[in-house]
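**Student:** This is the structure I want to talk about, given as structure tokens.
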Amino acid sequence: MCGRYAVRRDPAALAEEFAAADRTEGVTGADFNITPTKTVPIVVQRGAERSVRPVRWGLVPTWAKEADGGPPMINARAETITVKPAYAESARRRRCLMPATGWYEWKPGDKRRQPYLCRRRDGASMAMAAVFSAWWDPTTAGQPLVTCAVVTTDAVGELADVHHRMPLVLPEERWADWLDPTRSEIDELLLPDPGVLGELALHTVSTEVNSMRNNHPDLLEPADPVPEPAEQAALFES
């Protein structure tokens with residue numbers, strides 16, 4: 001967790017929702033089945049401008065020798081983000097928001113591979129706390145590769161019934177502090193907000209989500225859960 005999510009709004013709509021300028025130049029758009037290493041929109045603050053920009057999901061630390069040296073680092077634990085070498089510098093100076101309509105989750109060990117979607121009850125985009133990094137290829141003089149990772153925390157309530165981790169979702173009143181590059185002390189911002197948790201809803205969705213090739217708005221719609229094995233057997237016996 002978080003390994004798959006969705007953004008149903010285009011960058012222009014996200015920019016309006018997050019009071020930001022759209023600097024994506026058409027690189028990103030609505031995506032209903034986002035997987036690691038895809039280009040995704042993030043919200044950053046630099047100087048007086050808050051903007052939406054395209055980056056790759058899967059953080060590459062500034063000191064990495066190569067960009068694809070292992071599994072993509074898509075998540076950063078809130079409990080250790082300020083001390084882990086891969087994330088500490090970004091946690092101090094390069095924080096961002098990852099807008100999301102919702103994230104998909106699966107119960108560990110569920111052979112049915114039943115996907116769940118967690119989203120806001122009011123349909124608005126949620127702001128997942130995240131960090132970003134800029135990596136320069138030492139063999140070229142090109143532009144840096146900018147990448148990001150979602151900050152995760154312990155899941156609570158019904159969300160914990162599906163998976164023990166969840167994204168750190170920030171309320172609007174914390175956005176400015178999280179985005180402020182001059183603020184280095186963030187311990188209190190890493191604590192989940194109880195009010196946000198009350199705004200989230202969880203429901204089952206189609207198993208089409210399981211294939212990254214499927215990407216359409218209906219993936220967000222509630223769907224009947226896949227029957228348990230015993231229920232499946234009963235269907236054939238009836």
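**Student:** In debye, nearest 20: dipole of the stretch 4-220 around its Cα centre with unit charges on the Cβ of K, R (+) and D, E (-)?
**Tutor:** The dipole of the stretch 4-220 has a size of about 580 debye.
**Student:** Moving on to the next point. On the accessible surface of the chain, probed at 1.4 Å, how many percent belong to carbon and sulfur atoms?
**Tutor:** 52 percent
**Student:** Taking the DSSP beta bridges in the chain as the whole, what percent of them are antiparallel, to the nearest 5?
**Tutor:** Counting only bridges with both partners in the chain, antiparallel ones make up about 85 percent.
**Student:** Next question. Show me, for the stretch 84-91, the HN-Hα J-couplings you get by feeding each phi into the Karplus relation (A = 6.51, B = -1.76, C = 1.60, θ = phi - 60°), rounded to Hz, glycine and proline as x.
**Tutor:** Listing the rounded values in order: 5, x, 5, 10, 4, 5, 5, 5 Hz.
**Student:** Go ahead and estimate [θ] at 222 nm for the chain from helices alone: -39,500 (n - 2.57) per DSSP H run with n ≥ 4, summed, over the residue count, rounded to 500.
**Tutor:** One gets -3500 deg cm²/dmol as the mean residue ellipticity at 222 nm.
**Student:** For MET212, tell me the accessible area in Å² from a 1.4 Å probe, rounded to the nearest 10.
**Tutor:** 120 Å²
**Student:** For the chain, report the accessible area per residue in Å² (1.4 Å probe, heavy atoms, rounded to an integer).
**Tutor:** 49 Å²
The values are calculated or read from the model by the stated rules, or taken from the named source; none is laboratory data. Everything quoted here is computed from the prediction, not taken from an experiment. We place every Cβ from the backbone using ideal geometry, glycine too, and count neighbours over all the protein chains shown. Each accessible area value is taken on the protein alone, full model and side chains, heavy atoms only, with ligands, DNA and RNA left out. Shrake-Rupley method; radii C 1.70, N 1.55, O 1.52, S 1.80 Å.
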